[in-house]
Every structure is written in structure tokens, then in C-alpha cells.
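Accompanying notes for the structure given below.
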Amino acid sequence: MKIGFRQLLAFSPLLWVVTAFTTANGQKNIAPEKRKVAQEAIAILKQSCLSCHSGDKPMGNLKLLTRADLIKGGLSGSAINLAKPNESLLLKAVRFQGRQMPPSGKLSIKQIEVLAKWIEQGALWVADKAGKSIPAPNTPPKVTPETMKFWSFQPVKRPTPPTVKGKSWVKSPIDAFVLQGLESANLTPNPSASKVALLRRATYDLTGLPPTPEETRAFLTDTSTTAYQKVLDRLLASPQYGVKWGRHWLDLVRYAETNSYERDGHKPNAWRYRDYVIRSFNADKPYDEFVREQLAGDEMPQRTPEKIIATGFYRLGLWDDEPADPKQALFDDLDDIVSTTGQVFLGLTVNCARCHDHKIDPIPQKDYYRMLSFLAGVRRHSYGEGSMRPIAPEAEVKLAHDAIKAHEARMRENMEAIQSITKPAYADLSPVEKEEWRNEDTRTQIVQKRVGKILTQESFDRYKTLREARKKMEQFQPPALDTALCVSEEGRPRTIHILMRGNPHAEGDEVQPGFPSVLNFPEPTLPSAPYPDTSGRRTVLANWIASPKNPMTARVVVNRVWQYHFGRGIVRTPSNFGFQGNRPTHPALLDWLADEFVQDGWKFKTLHRKIMLSATYQMSVRNSAKAYAKDPENDLFWRFDMRRLEAEEVRDSILAANGSLNLQLEGPSIYVKIPDVVLAGQSVPGAGWGNSPNDQQRRRSTYIYQKRSLATPIIASFDGPETDLSCPLRFSTTQPTQALGMLNSDFINEEAQVFASFVSKSVGSNPTKQVRLALARVMQREPNSKEVERGLRLLQTLQTKHHRTPEESLKYFCVVALNLNEFLYLE
């Protein structure tokens, strides 16, 4: 029988309540050491508990605003036991012994120790360092000198790397910051990982691919002191680096190529934005420039195709192409942009202030609309000129005049032929079908319903042929006609008002563009419009975000880079650096990295080298009983956390193992084979999904068409990104569909057959050589004799007991090899 938190209290003996000698009126009697502990403990409660345990209806009827509140307790009884401090329900909750609090994540070891010491000393209640009692957050926090002191709102100040005892372990200043925390907890860092583990880790981290057999042999035989550094240089120079790290960025900006909602219509040429991102990472474009191009590339001097494509950032979100309330839809669209911009670049949930003052952070509703005002001129997405812009140079268009005319003539001829077939069918449509007709992906199914009634089968077949021909003409049009999905503005910015409860039909005070007031920046100066079709406001916003003086930008992005390398950020809530977000486990390290990043020209590749050359990054994943008992969450980074491959890495690694991976870069997205039973789940089965040639289907997963209503099964199964909103981190789940898909799906069995054919072609029919080669390709190391023997036994069992041919047996052995933990997990 499991006993819950409340039941446990119901059976607990009467808790002792001791009135300590101190009260809010007797603070002068408290020793300085105890006062300091009390201030720290109360600050922890304020940061982590009061959002739920305050106000008129606190969770569990438990308030934590005063010492009396703690003693009184809630539905479960007193929160503290002064006679037996370790039995205090508050401590049990934060230690995750039964009830787990706070729900946002476990407190750090240091924070728990502070609370334990505080209760042991009598839970003395004192004013904070500013002489003020802990505030009750019944109302949203205000912008005050006190709230402005919050750690993330402070300017980045470069700290001096600490002096530590274990200097021999330190390879970089990063290690000094990490080791300081470990030494203070009387812990030691793990030893270095093996060369094979380190090579796999670095190769996947930077390219999302496994090392090739040749790369593995070269690294293992290189005994020079620069062997590992040479590996990093090679990987950072690889064009596959941009594919991997571009995918991280696409997660953040909610990249997809369709609009969602009922029709989930196509976003034309959205893939150009994806390729822009990949090129930017490969070119090591400075992050501040990368930010400016996406937010205001069309307002920058010398509009280039690259800068226009970058503003596709604004068009990646959901789009309702038939809103019941157009004004509401407009502000929903703008909210999506404010939300994404605030969370991705600033680590602030500004969007929570759309309808009222932010309930947790000191962000007034007015500040939300001031930030939205920078976007006041942005047009809604559309299928027309509002979202598409030619990107070919004018000179190129003139040179291609004849080719353009010929192409346009072919397109007109094609459309006339299509309309001659669909005209009688359209006249027969119901009102609902006429609405569905607006989505081109549904037209074939609608027309097909008229076969045998209004249309002949011959006419329908010709219609399909004409549609396919049109798609090819659109895809392979003259380059001079290329267009990009991009932002555009109205003739002049809209007047923006505070909207009561977020209702666009209930306008309040007018506002002008401005920055979050808690960050204490001067009012912005709005420039004259740089072009007739833009206001220049977005440039002001972009320059402020990309400024070295902005306290959020560099901290947020270096924390993301750390997260993608270590599995979690120094701040575990990567898109929330506000009051409810987690505090940094190593605040000095975070600021040191942020300052280094800016000083190094905002270059990602330099930051990668600094992190990956550290002893911290090169630690093994092995367990330490002592360290695990003291720091089970690895807050102090005493080891490197093992991780499972991400969804795209799983698929790409399967194709790499069987020798069929196509490393082609750029170009329109590909359509991979999706089972009919999955396609049948769409409102119109198969709508909007093509069938690319086999060699194209073997390209990297980042190039698969991103349809919001139809995820590729293996990507969805292994926790691919959420595309409706910004996806700051991916959860790694364990579920039956993963194992079933990796054993029984058409995809895995087809790729295992390709793998078996590759192995047979490479080493012939010798079973020992076959097993050895297959295992080496999935584990990126030479298998040992026991592993080879086990593989041979499986082949023999399949042939003798299950009566499989040698060819079939090898295929099933390849299925097993692709399911090995060593293939799917990184040390």
C-alpha cells in the first residue's frame, strides 16, 4: 500500500511546536550566522514556493508567508517539526521523500541543506537583506529597485576563475568553476572517458552522426597530445555541423512547413529559411548578426536574398487562413512572435503579460504591448505578396527574360487545361467542399468523387497528370523567379493599445515601443523608415536584443549551447530566466561563458572548442556511489550524463550504419515513405505528402518535410520536436512504441535488409566477418570475441531452430544490432 503525503500526516504523532525567542519584532537578538541562514532560507521559499503557497487559495491550504504559517501548516498539518527537524514535512517534500516539491524540479543540494539548517535552528523569521519582510505574491510583482536586482536582470560581470585544490585536473577556467563546487561538497570529478566514448560523444554532439570506421581508426592510432583537438577542428569544419546545430535552432523557432489548423496548408519555400540557418552555423556567423538578420534583415542596408530569407522567422508559426475574427487572429499572430522572440532570445515569458500583468515576473501588461509595438507594422501571413518576395537580383531577372516568358506561358497553358476539367466539377461542389477547395492538397480527392458522374476516368487521370506537371514546373522554375517566405509590413505601423484582458475589441491606453522596464534601459529612439515599405522599428528591437549590454541575450544562448552539450543547462529552464525559472547551478561559470562569448565575437565554434576541450566535458559517465548519494541530479557536474540519441540521430545513424546515408545539403524538403495506416489518420489521407526518389529519401532527417499534422513515425516515436510552439528542450521518454517500431516497423526491416546486403557485399558470406563488420558499424568500435560469438549463435539459432536462410538470418541479426543500447545511447 502506498501512503500519500496527506495520509502520512494523518498517521503522524502530534507535532511539537516550539515558540522560538525570535519574532519579527525581536530580530536584534538573532546571531549574525543564524540571521544569514534565515535570510537564505526565506529567499528560497520566496523563489520556489510562494507562487503556489500564498494568496486567498494557497495549494493544500498551506501558506508560507510567515513563521506562524509554517507552524500552522495546511491540510496535511504543520510544515515544520521543531522537535524533530528531519521529520518536517517541508524537508520531506523538498527531498522528494513522498510528496515532491516544488513541482518545477528538485531544489539544489545546497538549497535543501540551507532549509534543513534553518529548521534545525528554529526556523527563525527575519526580514530580508533590504530590511523587508517576505512579500505575499497575491498580486503580480511590481517593477521596483528590489525586483530589478534579480540575478538575470543584472549586467553580466566577468568573474575571476576560482583557485582550487585539484589544479592538476583543471584544463580550462571552466573546470575551475566546476571543481570549486565539487570540492565544497567534498566530491571529486569522474576520470576521463575512453577514447572511443569521447570520439562518439564529440562526433554526435557536433554533427549528429556517428564517426566512420576510418575516423575511429585514425583517432585511436593518433597518440599525439593534439589528437582530440584535431578531431574537434575537423568536426567543426564539416558541413554536417550546420545540419546538427541548425536543427537545434529550428526547434527553438517552431520551424515547420505547414500552417496547422484544419487544412494545414503549405508554407511556400519555407525550406529556404532552414537552409539559411544551416549555412549560418557552418559559416560561424556571429550570433548578434544572426539575431539581427532574422528580426530585421529586410531593414538592413543592402537587402540581400540571405537577409530576406532570414525574416522567414516571422512566418514559421501557426496561421489560421480563415479566421472567424480577423482582428483576434492578427493579435494571436503577433503574440506568437512576441512569445517566440521573448523566450528564444531573452529567456523571458513576456507573453504571460498579454491579458494582465505577469503573475510571476515583474513584467507589466503595458510592457507586453510596448514590445509588441515594435511589430506593429507586420502584416499577417498570406498566400500572396504579403509573405513572398522575389530574391533574384534584378540583373539576373533581365537576363532570364525569355526563359521567364516561356515558363509563364507553360504555366498558363497548364492552368487552362486543368480548369477545363475542374470547371464542371466545381459547379457540383457543396458549400463545405468549396471551402475545402481552397486547399490545393484536397482538390484531387474532391475531383475524384465526380468520376463516373460528371467526369470520366480518363479526364481524372489527365487531371492528375496535369497537376503533377504543374508541381514540377513550380519546383524547377527559372532561378530568376525564385521567391522567399519572408516578413512584410503595412504602409505605416498600426496604433497599439493595451488590450483589456487581451481582447482586441477592448482597447485601453495607447502605447509606444519600449523594452521591459525591469531591465532599466532608456526609452528607444525610433528612426525614420529605412525603406518605403518598412518602419525601422524592428531594427531597434533587434539591435537592443543583440547588444552586449543586454543582460539576457548572451546568458541565454550560452546556456543553450551548454545544454545541448551536457543534456541540461546551467539554468535548467532554458527559456525561462525569470522568477519561476531555475537558478543557475554555477552562476559565475554562466557569466564567464557569456562574457567570453561576446568578447570572442559571438562565435559559436569558439565556444564549442572552449567547452569541449575542458576536463568537465571529457569526463566519463560511470557512477560514483558517494557522489550519487550526495548529488543524484548531478547538479555539480561530477560526471557526464549518458544520453539517448535524438530522433533524427537515430534515423540518420541507421542509414549511416547500412551505408546508404545521402549527405546532400540544401534544397527543397524530401518526402519519406510513411505507412498507409499513418496517412489514413489525416482528415484527407495522404494530402500534402509526396513520394521522393529513393536516393533523396536517404538524406538526413533535418531535410524531411515538416508537416504539422503528419510527423514521420520514427521521429515522433523518439520524441521529435513540438512545432506548434518554441521547443527549448526535448524530453527523452521510454515507451513501447519505440521498441515495437525498432523491431517490427517496415522502416527498420527494410533498412536492416539494406544493411545485410551491404555487409554481404563488403565481406562475402563468412558469418564471422559479417557479424564483426555489422557490430563495428553500429558500435563504432571493434567487437570483442564474446560479442562476435553471441552474434554467431544468433545466426545459427535463426537457421537451425527457426529455419531461416543465411540471408534472412543476417537481416534479422542486423535488426538486433540496430537495437543495441550501445548503438542508441552515448556515453
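Before moving on, here are some points about what is shown:
- Solvent-accessible area, 1.4 Å probe, carbon plus sulfur percent, for region 334-485: 52 percent
- Computed FRET value (nearest 0.05) for Asn61 with Lys117, which takes r as the C-beta separation and R₀ as 45 Å: 0.95
- Set the Cα radius of gyration of region 191-238 against 2.2 N^0.38 Å, with N its number of residues, and you get 1.04.
- In the structure shown, the pairs Lys471/Lys605; Lys366/Lys610; Lys106/Lys307; Lys84/Lys167; Lys307/Lys471; Lys605/Lys761 are assessed against 31 Å; a Cα-Cα span above that value is assigned to Lys471/Lys605; Lys366/Lys610; Lys106/Lys307; Lys84/Lys167; Lys605/Lys761.
- Dimensionless Rg ratio for region 336-487, taking C-alpha atoms and the 2.2 N^0.38 Å reference: 1.56
- Gln457-Glu183 pseudo-label distance in nm [points 7 Å out on the Cα-to-Cβ vector]: 8.3 nm
- Once all protein chains are placed together, Thr456 keeps about 80 Å² accessible to a 1.4 angstrom probe.
- Extension gain, Thr160 to Asp600, is 156.7 nm, computed as 0.36 nm per intervening residue step minus the present C-alpha separation.
- Pairwise FRET efficiency - Thr800 versus Arg622, Cβ, R0 = 30 Å, nearest 0.05: 0.15
- Surface share of carbon and sulfur [accessible, 1.4 angstrom probe, percent] for region 556-662: 48 percent
- Spatial separation of Cα centroids for region 454-504 and region 676-707, in angstrom: 20 Å
- For region 587-629, the residues whose backbone nitrogen is under 13 Å from a point 7 Å from the Cα of Ser192, taken along Cα to Cβ, are 613-620.
- Largest to smallest accessible area among Arg234, Arg158 [probe 1.4 Å]: Arg158, Arg234
- Take the Cα of Asp222, step 7 Å toward its Cβ, do the same at Asn86, and the gap between the two points is 5.2 nm.
- Volume of the Cα convex hull of region 30-182, divided per residue and given in Å³: 157 Å³
- Highest average first, the peptides 665-677, 327-339 ordered by how many other beta carbon atoms sit within 10 Å of their residues are 327-339, 665-677.
- 14 Å cut-off, amide nitrogen to a point 7 angstrom out along Lys630 Cα→Cβ, residues in region 179-194: 179-190
- One quarter of the convex hull surface built on the alpha carbon atoms of region 209-268 amounts to 6.3 nm², the projected area averaged over directions.
- Virtual spin-label span in nm between Glu789 and Leu399, 7 Å along Cα→Cβ: 6.8 nm
- For region 385-435, the direction-averaged projected area of the alpha-carbon convex hull comes to 5.5 nm².
- Averaged over residues, the count of other Cβ atoms within 10 Å places the peptides 60-66, 741-747 in the sequence 60-66, 741-747, highest first.
- Taking amide H atoms as placed 1.01 Å from N in the peptide plane, the amide H of Gly508 lies under 5 Å from those of Ile498, Leu499, Met500, each 5 or more residues away in sequence or on another chain.
- In a fully extended conformation the segment linking Tyr825 and Gln512 would gain 107.6 nm over its present Cα-Cα distance, using 0.36 nm per residue.
- 17 Å cut-off, amide nitrogen to a point 7 angstrom out along Asp641 Cα→Cβ, residues in region 792-827: 825-827
- 5 angstrom amide H check on Glu489, placed H, neighbours 5+ away: Arg379
- FRET efficiency, Lys464 to Tyr261 (Cβ-Cβ, R0 30 Å, nearest 0.05): 0.70
- Taking Cα atoms only, the orientation of helix 173-184 departs from the longest principal axis of the chain by about 40 degrees.
- Relative to the longest principal axis of the Cα atoms of the chain, the long axis of helix 553-566 makes an angle of roughly 80 degrees.
- At 1.567 mPa s and 4 °C, Stokes D of the chain from Kirkwood alpha-carbon radius, µm² per second: 43 µm²/s
- The mean accessible area for residues of the chain, using a 1.4 Å probe and ignoring ligands and nucleic acids, is 46 Å² per residue.
- Kirkwood Rh (inverse of mean 1/r, distinct Cα pairs), region 505-618, angstrom: 16.5 Å
- Cα long-axis angle, helix 287-296 against the chain (0 to 90 degrees, to the nearest 10): 60 degrees
- Mean separation of Cα contacts under 8 Å (6+ apart) over length of the chain, as relative contact order %: 16 percent
- Note that region 73-86 has calculated 3J(HN,Hα) couplings of x, x, 4, 8, x, 4, 7, 10, 10, 6, 6, 10, x, 5 Hz, one per residue in order, obtained from phi through the Karplus relation 6.51 cos²θ - 1.76 cosθ + 1.60 (θ = phi - 60°); glycine and proline are x.
- Highest-first packing order for the peptide set 357-368, 613-624 is 357-368, 613-624, based on the mean count of other beta carbon atoms within 10 Å.
- Arg699 long-range amide H proximity, modeled H, under 5 Å: Asn662
- For Lys327 and Gln735, the difference between the fully extended length at 0.36 nm per residue and the C-alpha to C-alpha distance is 142.7 nm.
- Within the accessible surface of region 104-260, defined with a 1.4 Å probe on protein heavy atoms only, the carbon and sulfur portion equals 56 percent.
- Pairwise centroid distance, computed over Cα atoms, of region 767-827 with region 181-241, Å: 26 Å
- Summing Lys and Arg as +1 and Asp and Glu as -1 over all other residues whose Cβ lies under 13 Å from the Cβ of Leu519 gives a net charge of +1.
- Rounded D (µm²/s) - region 749-808, Kirkwood Rh over Cα pairs, Stokes-Einstein at 37 °C, 0.692 mPa s: 277 µm²/s
The values are calculated or read from the model by the stated rules, or taken from the named source; none is laboratory data. Being a predicted model, the structure only gives us computed values, none of them experimental. Backbone-built Cβ (ideal geometry, glycine too); neighbour counts: all protein chains shown. When the accessible area is computed, the model is the full protein with side chains, heavy atoms only, and any ligands, DNA or RNA have been set aside. Shrake-Rupley method; radii C 1.70, N 1.55, O 1.52, S 1.80 Å.
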